[in-house]
Amino acid sequence: MEKSAAEKRILKLRELINEYRYNYHVLDKSIMSEAAADSLKHELAQLEAEFPELITLDSPTQRVAGKALDKFEKVTHEKRMISLADVFSTAEVLDWISRNEKLIPGGKISEFFTDIKMDGLACSLKYKDGIFVQAVTRGDGLVGEDVTLNVKTIQNIPLKLATSEGQPSSSDTLKAVRPSLWSSEEAVPSEVEVRGEIIIFKKDFEKLKGDFANPRNLAAGSIRQLDPKIAASRPLKFIAYDLVKPNLPTHKEAYEMLRKLGFQTSGEDKVFKGSDTKGLFEYIKELDEYRKGLKFNTDGMVIKINDRKIYDNLGIVGKTPRGAVAYKFPAEEATTVIKDIVISIGRTGAATPVALFEPVSLAGTTVKHASLHNADEIARLDARIGDTVIIYKAGDIIPQVKEVLTSLRPEGTKPFNFEEALKKQYPELEFERPAGEAVYRVKGETSDFILKRAIEYYASKPALNIEGLGEKNVVALVDSGLVKSIADLYKLTVPEVAGLERFAELSASNLVSAIAASKHPSLSKFITALGIRHVGAQTAVSLAKKFGSLDNLINATEEDLLAIPDVGEIVAESILAWFSDEDNVKLLNELHELDVWPEEVKSASLPLEGKSYIVTGTLASMGREEAEDKLRELGATVTSSVTKTTTALIVGEKPGKSKTDKADKLGIPRVSEAEFLKLIGK
């Protein structure tokens, strides 16, 4: 992204994030899910990392969320209540570890302490000689709100700290709780400060939710009522996650002390050796799998350096501590940008619009597209090319567009004209929208007719060449109801086929055998058989050579497709639309279950296999297309856009400035014409 475009995007992101934060943390209202907000904040942080000169002091990345309300007395925290930096992958965790190990003595972290990340209202509790005296919300991290009377009503908060004898603690009795934590020379502090989250269990929220969007909002709203009776009437819980005073040697010991003093913790805390990152990541995965069964909501896991001296000495960067991060579980909602809207014609002749996205991680998978269903849905969402949208997975499987963030809409966007798009993408076809239906369909063609035509092409010589599946036999199979999709071909039995007028036992047996023999065709033949518009036999060969497997083709991006010489924008859009259509996805899944899947391409190892090049400028020895062909012959990928994965930029006379600038910025090496000729063996 160019700097000018990034600057505009950053300004819009800041405005929307600030609006979200004010509603969420000050007014206790939710204008979008926390997962969607996290996605926007992550995008902002990445843009600011790419363009650090655009960072300002008022950026949401530079402050802790929230602001003290005027209706409660404000209290300054003795030690700041800080937020944690979010990470979204194991790679980001490893980067965090590497950065810290460069700063600590010995260069190795001995232990990690982990706990589940609570989704509630952060609060600090203060005790004097074992007696509860004050509760303060986080506020802006420096100044919070005194909510003592409301918090005092929470049943699981001890008003007197427990000791080993079950009595209120004092300077003497606190020492008895965990004497090994203190040397005899040290004075045992009479002050205790505990931090944690005020939450509501999910089952209790379902009974009380009313107008509240989620348990966190209900918990926060309860604490911020002036009348303590309201808080007392609600089943609030306090889950402790830190012991600020006394400051014990490790986070593990702090948790042990918290529990002995009578505080409830999540019960999910663990310690891992610094060398056991494999165990750490396995636990993250395990926690992600069973978190939906927990009593409370959570969206991640906190990872800290267990040694609190090292943790404290590492200090703070901006508004977050170096010694801890919050690993966010795969989001169930995320934000992304609509790059294009293409229309797919399904097996019934229905025209289905598909939004193509900037790839985004959602619930553990990378999402690049989602169905927009029909023209009415596009109009309802007012979805436009260039819009930022919130997406989610319906039933944890199918990506859907939830909402368009119109405040991030670029200037000059236009409403999507469905009929105009149909004419542009399918100029040779006519469409109609039957009365009472929301879907446009190909005019004059029934779903059975389209199915018959699809099966005929699937079985034709350029495709799978299935002997016995000519026009008349296909008509018989479809009209009988035995075949309602291509996948049904592989379910046919000899007795079923032999029962049709056109067949005898032998011909039925031959047909069923011929169909079974087509289960594992070559990749190029299978791609051809799918009948993707604009993808003929030659293009199918290029796709097979480029991607090697059907899975790779299914997951291809528009940029990947456009890197193929005989694939232009129209062909790329057609391929993306086909693999985005829900009917087609269902068909491929059914075929896979029936063990119908093409073989992967096995090519000989080539010297430039796995490398990616860009040719820019004029070469004296040959034209650019010839140079690109030479590279491809040696196994290289040739693209038109510089990315982090580009191996090198081959530079001739008068190269493109944008390409050389971006390559220099990313540290991509340049290759001269002489070096290029040597590379290709000339």
(request) Can you check how the C-alpha radius of gyration of the chain compares to 2.2 N^0.38 Å, as a plain ratio? (result) 1.19
(request) Excluding residues fewer than 8 places away in the same chain, name every one of the lysines whose C-alpha is closer than 27 Å to that of LYS484. (result) LYS443, LYS452, LYS461, LYS472, LYS519, LYS525, LYS586
(request) Evaluate the relative contact order of region 636-682 (contact order divided by residue number), counting alpha-carbon pairs under 8 angstrom at least 6 apart; express in whole percent. (result) 43
(request) Report, in cubic angstrom per residue, the convex hull volume of the C-alpha atoms of region 612-679. (result) 72
(message) Please report the antiparallel percentage of the DSSP beta bridges confined to the chain, to the nearest 5.
(response) 85
(request) Using +1 at the Cβ of each Lys and Arg and -1 at the Cβ of each Asp and Glu in the chain, identify which of SER542, TRP597, THR616 lies farthest towards the dipole's positive end. (result) THR616
(message) I'd like the Kirkwood hydrodynamic radius of region 237-390, using the inverse of the mean 1/r over distinct C-alpha pairs, in Å.
(response) 19.5
(request) Taking the convex hull of the Cα atoms, report for region 211-276 its projected area averaged over all directions, in nm². (result) 7.0
(request) Would you mind getting me the FRET efficiency between ASP448 and LYS270? Use the beta-carbon distance for r and R0 = 60 Å, nearest 0.05. (result) 0.50
(request) Using every pair of alpha-carbon atoms in region 333-442, split the distances into 10 Å bins beginning at 0 and state the percent of pairs per bin, rounded to integers. (result) 14, 45, 31, 9, 0
(message) I want the local charge near TRP597. Using Cβ-Cβ distances under 11 Å, sum +1 for each Lys or Arg and -1 for each Asp or Glu among the other residues.
(response) -4
(request) Towards the positive end of the charge dipole of the chain, with charges on Cβ (+1 Lys, Arg; -1 Asp, Glu), say which of ILE104, LEU408, ALA508 has the farthest Cα. (result) ILE104
(message) Placing unit charges on C-beta atoms (Lys and Arg positive, Asp and Glu negative, everything else neutral), compute the dipole magnitude of the chain about its Cα centre in debye, rounded to 20.
(response) 1660
(request) Would you order MET32, MET1 from fewest to most other beta-carbon atoms within 10 Å of each residue's own beta-carbon? (result) MET1, MET32
(request) Specify which residue in the list GLN264, TYR290, GLY279 is farthest towards the positive end of the charge dipole of region 254-300, using unit charges on the beta carbon of Lys, Arg (+1) and Asp, Glu (-1), about the Cα centre. (result) GLN264
(message) From the helices alone, meaning DSSP H stretches of at least four residues, give me the mean residue ellipticity at 222 nm for the chain, per-run term -39500 (n - 2.57), in deg cm²/dmol to the nearest 500.
(response) -10500 deg cm²/dmol
(message) As an exercise, take the mean of 1/r over every pair of distinct alpha carbons in region 298-368, invert it, and state the Kirkwood radius in angstroms.
(response) 16.0
(request) Output the relative contact order of the chain, whole-number percent, from Cα pairs under 8 angstrom with separation of 6+ residues. (result) 9
(request) Please give the net charge around GLU569, taking every other residue with its beta carbon less than 14 angstrom from that of GLU569, where Lys and Arg add +1 and Asp and Glu add -1. (result) -3
(message) Using the Cα centre of region 73-145 as the reference point, and only Cβ charges (+1 on K/R, -1 on D/E), how large is the resulting charge dipole? Debye, rounded to the nearest 20.
(response) 240
(request) Could you line up TYR327, TYR457, TYR392 from fewest to most neighbouring Cβ atoms inside 10 Å? (result) TYR457, TYR392, TYR327
(request) May I ask for the percentage of alpha-carbon pairs in region 3-62 that lie more than 14 Å from each other? (result) 53
(message) Counting only other residues whose beta carbon sits under 13 Å from that of LYS491, what net charge do I get with K and R as +1, D and E as -1?
(response) -3
(request) Using only the Cα atoms of region 447-593, construct the convex hull and provide its projected area averaged over every direction, in square nanometres to one decimal. (result) 8.3
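Read the figures in this text as sums done on the coordinates, not as results from a lab. Owing to the predicted nature of the structure, the values given are computational and were not obtained by experimental measurement. Note: ideal-geometry Cβ built from the backbone for every residue, glycine included; neighbour counts use all protein chains shown.
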